[in-house]
Amino acid sequence: MFNPVSNIVTRGIVVFAAVSVTRLFPAADGPAELSPVYSAEIVFPFKAQHNHAPGIAELANGELIVSWYRGSGERTADDVAVFGARRKAGAAGWGEAFLMTDTPGFPDCNTAMMADAKGQLFLFWPVIIANSWESCLTHMKVSEDPSGDGCPMWNRDDTILLKPVDFSGDLIKTLDQLLAELPVPLPEKEKAEIEEAKTKLSQKLYQRLGWQPRCKPTVLPSGRILLPLYTDTFSISIMAISDDGGSNWFAGKPLLGFGAIQPAVLRRADGTLVAYMRENGFTGHVRLAESTDDGITWGSVGVSELINPGSGLDGIRLKNGHWILVHNDTQSGRNKLAVSLSTDEGQTWKTSRRLEDQPAGSFHYPCVIQTTDGLIHCVYSYFCDEGKTMKHATFNEDWIVRGDPHAQ
């Protein structure tokens, strides 16, 4: 049986590169070294339970905090709750997992986190009301001082309710155009799904319910927060927008392209926003769209050069202006996970290196941040024969640039 854990154990628990801890985690006031840096570890011991969809944030005191959901399943399992773990600044590993939030009797699923300029920690996740994705409501908790041990003390617990301007007409036009341009007719099952989506478009309930997070928010220079959301009801995305630090939220206009979900939003130097989305349709590639008005409206959804098997991704703009995107670079399966680098703000992706390249298993749903010391931290769901956990990889841009023989 496939067991990548053996590689971990034989190499000294969890470290995959010959780099010292002092090089990986320099003092807070010192820059990350420019030579290649890479290390990886599991966040908690392998579990038989489903553990999936992490978020990560750096707190003001330099520690890292990770979130994910755990239970006997996903939307159909009422025991699913959100868990977390901390890695103290300078610590050699992660502390014990703890419960972050639970809605008794309802599944709590995909997590996303953000630490703001005030040091507050935001946790976003959907509560599944009727064991279907289309029945979810996005919730938010805020901790004004998330330091300490175990679960942060939450000061706010809100539901993000959205009232998008009716988009039924625009989406029906988009769907009709999509069907007309397909080189081959859709199978009957997919045709039926699209017709069902058209029927639900006429109901306010489905335009307002079912939006859920996956990737972390993007904060613009103005202070505006863009929380990327998506719905499986229509297989589209939208931005929940706050101009007052997360106290109030309103909906932008949807990103209308069937099969484009779970956006990660990056900002170019000229202010243009680019949303990279998971493929949930028929193209086999990462989808993308651009906004020139700070996320209120978006242009048509296009197709990028990066392949995608229908799995989540995440990206960030590095401090030097370069972009990275973490994604499954396969036509099918999630056994390979790559980090791709763009030095021209997403125009091209010429450098790529794999975080995972295994014959089997699933390594997916990444979340990625760059910490104040310049290092890049990526956490992702790690599924293999041994069980399920989260894996945390730490690296720098120079490690990506060195590339590997399996990259494009």
Name the pairs: first residue in segment 151-164 and assigned to a strand (DSSP E or B), second residue of a type outside the set (Gly, Ala, Ser) and modelled with pLDDT under 95, Cβ to Cβ under 7 Å, at least 6 apart or on different chains? none
Looking across segment 385-403 at residues that are touching an Asp or Glu at 6+ places or on another chain (Cβ under 9 Å) and in a strand (DSSP E or B), the single one that is surrounded by the most Cβ atoms within 10 Å (Cβ to Cβ) is His392
Per the filter on segment 32-75, residues among the hydroxyl-bearing types (Ser, Thr, Tyr), farther than 19 Å from Glu386 by Cα and not in a strand (DSSP E or B) are Ser35
If you go through Leu288, Leu256, the only one that is touching a helix residue (DSSP H, G or I) at 6+ places or on another chain (Cβ under 6 Å) and either buried (at least 16 other Cβ atoms within 10 Å of the Cβ) or touching a residue at least 60 places away in the same chain (Cβ under 8 Å) (or both) is Leu256
Give segment 125-150 a look and list any residue that's in a strand (DSSP E or B), out of contact with any Cys (no Cβ under 7 Å at 6 or more places or on another chain) and not β-branched (Val, Ile, Thr), or say none. Cys136, Leu137, His139, Met140, Lys141, Ser143
So if I check each of Phe44, Phe106, which one is closer than 18 Å to Asp158 by Cβ and hydrophobic (A, V, I, L, M, F, W, C)? Phe106
For segment 235-246, check the following and say yes or no: at least one residue is within 23 Å of Ile172 (Cβ to Cβ) and in a loop (DSSP other than H, G, I, E, B). yes
Being buried (at least 17 other Cβ atoms within 10 Å of the Cβ), under 15 Å from Val286 (Cα atoms) and not hydroxyl-bearing (Ser, Thr, Tyr) is the filter here; which residues of segment 337-359 pass it? Leu337, Ala338, Val339, Leu341, Gly346, Trp349
Does Tyr382 satisfy being in contact with a Ser or Thr (Cβ under 7 Å, 6 or more places away or on another chain), assigned to a strand (DSSP E or B), under 26 Å from Leu273 (Cβ atoms) and at pLDDT 95 or above? no
Going through (1) in contact with a Phe, Trp or Tyr (Cβ under 6 Å, 6 or more places away or on another chain); (2) part of a strand (DSSP E or B) one by one, Gly346 fails only at (2)
Going through Pro221, Pro213, Pro183 one at a time, which residue ends up being within 20 Å of Val301 (Cα to Cα) and free of Cβ contacts under 8 Å to residues at least 60 places away in the same chain? Pro183
In the set Gly281, Gly299, the lone residue that is out of contact with any helix residue (DSSP H, G or I) (no Cβ under 6 Å at 6 or more places or on another chain), surrounded by fewer than 24 Cβ atoms within 10 Å (Cβ to Cβ) and either at pLDDT below 95 or more than 16 Å from Lys253 (Cα to Cα) (or both) is Gly281
Here's a check for you: in segment 58-77, which residue that is surrounded by 21 or more Cβ atoms within 10 Å (Cβ to Cβ) and hydroxyl-bearing (Ser, Thr, Tyr) is nearest to Leu123 (Cα to Cα)? Ser67
Residues of segment 296-320 being assigned to a loop (DSSP other than H, G, I, E, B), more than 20 Å from Ile225 (Cα to Cα) and either of a type in the set (Gly, Ala, Ser) or within 17 Å of the chain's Cα centre (by Cα) (or both), which ones? Ser300, Asn308, Pro309, Gly310, Ser311, Gly312
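One line per residue, one yes/no per condition, for (1) hydrophobic (A, V, I, L, M, F, W, C); (2) outside any loop (DSSP other than H, G, I, E, B); (3) within 23 Å of Phe124 (Cα to Cα):
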| site | (1), (2), (3) |
| --- | --- |
| Pro185 | no, no, no |
| Asn248 | no, no, yes |
| Ala275 | yes, yes, yes |
| Asp294 | no, no, yes |
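The values are calculated or read from the model by the stated rules, or taken from the named source; none is laboratory data. A quick note: this is a predicted structure, and the numbers were derived from the prediction, not measured. Heads up, the Cβs are rebuilt from the backbone with ideal geometry, glycines too, and the neighbour counts pull from every protein chain shown.
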